[in-house]
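Chemist: Sending over a structure as C-alpha cells; questions will come in a sec.
Values in this text are rule-based calculations from the coordinates and carry no lab data. Please read all numbers here as calculations on a predicted model, not as lab measurements. Using ideal geometry, Cβ is built from the backbone for each residue, glycine included, and neighbour counts are taken over all protein chains shown.
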Amino acid sequence: MKWVAISLLLLNGIYLVIQLDKQQDSAPEVERFPFSGPPLVLVSEQQAQDKNAKPTTDQKPPQQVAQAEAPTPQAPATRAKPEPAAPPATPPPKPTAPAPQPAPAPKPKSNAMACYRVGPFLLISDVRGVSQLFSYGDIKVQERSETLRKQVGYWVYIPPQDSLEQARETLRRMKDNGIADALIISEGSKANAVSVGVYKSEALGQERLDSLRELGYTARQEPLFRTQAQYWLELELMKSTQIPETLWREVTAGYPNIQQLRHKCN
C-alpha cells in the first residue's frame, strides 16, 4: 500500500507538470509598449522621502500652503458707535453798524457874476434851439427839465356801470334825451363810465351836473389834471450881470411867453 500511494503521487505530479506546460504554450503573447514618465514609487517610499527632504525657499511645507490658501476668517461685524454730537457752532458775530459815509464834497462855488433861469419851453427841440443862441464864451448854459401837474378843467361824467352793455344802454338813453356829446370810457380806472364833457370852470361844470340830475342821471364832477413836461435853460454870466439886450430880443421874437428869472448862483 505504501508503494501504491507513492505511485499515485508521482503520477499526479507528472500530470500537473504536463498541464502547466500546455497552458504556457497556449497563452497569447501580450504586446509591450515603452513606458515614459517618472518612475513608479511606492507610497511608503514617497512618505520616507518627504520626511527626509528639507523645504526650500521657493516651496512651502504642505501645512503652510494649506494655511495660505485657506480664506482668512473675517472678524464679526461690529456695530458702529454713533459719533458724539459736534459742539454747537459759535454764533456768528453780530453785524456791526456801517461806517458813516463821508459827507459829499461841497460843489465848487460858481465864479459867475450873475445866474438866470430862462423858460419855460414846452418842447425839447425849442430849448435846444435857444440854447445855441446863448452858447458862447461869456455864458455857460445847461438844460433842465421838470414835470408839472396842471389842472385843465372840470370833468362831468356818469360813474362806471357794472358792464359795457349797461354803459351802452345809458348812452342810448342820454342820446334819446338830446345829449349828443356823451361817450363811453373804455379803459382805465373809469372804464364803462360815460363822459359828458370837460369845462373850464367849476361853475360851468356844476350847471351841466344839475341838468343831468334833473333828467334822473347820477352824475359827478371832479377836477381834471394833466402832467406836462417843461424845459428851462440855466445861464451863468461870467463877465456881466445882465443878459445882453440884443440877444434877449432875438430870443423873445420866437418865444414871446418865456421869461428870465435871476437867482443866486450856487
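Chemist: Given the criterion more than 30 Å from TYR116 (Cβ to Cβ), among the charged types (D, E, K, R), in contact with a strand residue (DSSP E or B) (Cβ under 9 Å, 6 or more places away or on another chain) and assigned to a strand (DSSP E or B), identify the matching residue among GLU222, GLU146, GLU207. Outline the logic, then answer.
Modeler: Working: GLU146 fails: more than 30 Å from TYR116 (Cβ to Cβ); GLU207 fails: assigned to a strand (DSSP E or B).
Being more than 30 Å from TYR116 (Cβ to Cβ), among the charged types (D, E, K, R), in contact with a strand residue (DSSP E or B) (Cβ under 9 Å, 6 or more places away or on another chain) and assigned to a strand (DSSP E or B) holds for just one of GLU222, GLU146, GLU207, which is GLU222.
Chemist: Within region 190-224, how many residues turn out to be surrounded by 12 or more Cβ atoms within 10 Å (Cβ to Cβ), small (Gly, Ala, Ser) and within 19 Å of GLN161 (Cα to Cα)?
Modeler: Matching residues across region 190-224 total 5.
Chemist: Let me ask another. Within region 250-264, work out how many residues are assigned to a helix (DSSP H, G or I) and either in contact with a Gly (Cβ under 6 Å, 6 or more places away or on another chain) or hydrophobic (A, V, I, L, M, F, W, C) (or both).
Modeler: So in region 250-264, the residues assigned to a helix (DSSP H, G or I) come out as 250-254.
With either in contact with a Gly (Cβ under 6 Å, 6 or more places away or on another chain) or hydrophobic (A, V, I, L, M, F, W, C) (or both) added as a condition, the list becomes 251, 253.
The qualifying residues number 2.
Chemist: Quick one: THR227 ticks every box in (1) part of a strand (DSSP E or B); (2) surrounded by 13 or more Cβ atoms within 10 Å (Cβ to Cβ); (3) under 47 Å from the mean Cα position of the chain (by Cα) bar one, so which box is it?
Modeler: Condition not satisfied by THR227: (2).
Chemist: Could you figure out which of (1) surrounded by 10 or more Cβ atoms within 10 Å (Cβ to Cβ); (2) within 20 Å of GLY119 (Cβ to Cβ) isn't true of LYS175?
Modeler: Status for LYS175: all satisfied but (2).
Chemist: Which of the numbered conditions does LEU247 fail, given that it passes all the others? Conditions: (1) part of a strand (DSSP E or B); (2) closer than 17 Å to VAL141 by Cβ.
Modeler: (1)
Chemist: Moving on. Here is a list of conditions, (1) surrounded by 12 or more Cβ atoms within 10 Å (Cβ to Cβ); (2) assigned to a loop (DSSP other than H, G, I, E, B), and GLU187 meets all of them except one; can you say which number that is?
Modeler: The failed condition is (1).
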